[in-house]
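Structure, as structure tokens:
Where a number appears in this text, it was derived from the coordinates with a stated rule and is not lab data. This is a predicted model, so every value here is computed, not measured. Here the Cβ is made from the backbone with ideal geometry for all residues, glycine too, and neighbour counts use every protein chain on show.
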């Protein structure tokens, strides 16, 4: 049986990250892990909501996963998460927090708002490629609703 790659499932990745260096590192890790899915980057929670609600020039994809930082200007990742969970059109969005914050209250807040996972960037460290492989496998196996 032929295994479907993530790119054949038309799953798109929305990266909410204000740090250019971290965004480039993630893009390199995706490339190294051979994850070819479209990646849409926005710089903070305000831009993310505009994008996900179709208020930007590019329409959001039908199926997507959000990778979200916490510490961002204007609207941080936890505020974005709260907005998404309170929006009937977006509340089922699959969100992974990918952040520098290892603060226990941030972790608890994220899981109370039903994140799919909370990943501390510094702990991923040299195992970042393994993390990308794990996410790739996860996305290939799970069934996601159209959002």
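Some observations on this one:
- The listed peptides 104-116, 75-87, ordered by packing as a protection proxy, come out as 75-87, 104-116 (highest mean of other Cβ atoms within 10 Å first).
- Label zone at residue 100 (point 7 Å along Cα-to-Cβ), backbone N below 11 Å, the range 66-81: 70-72
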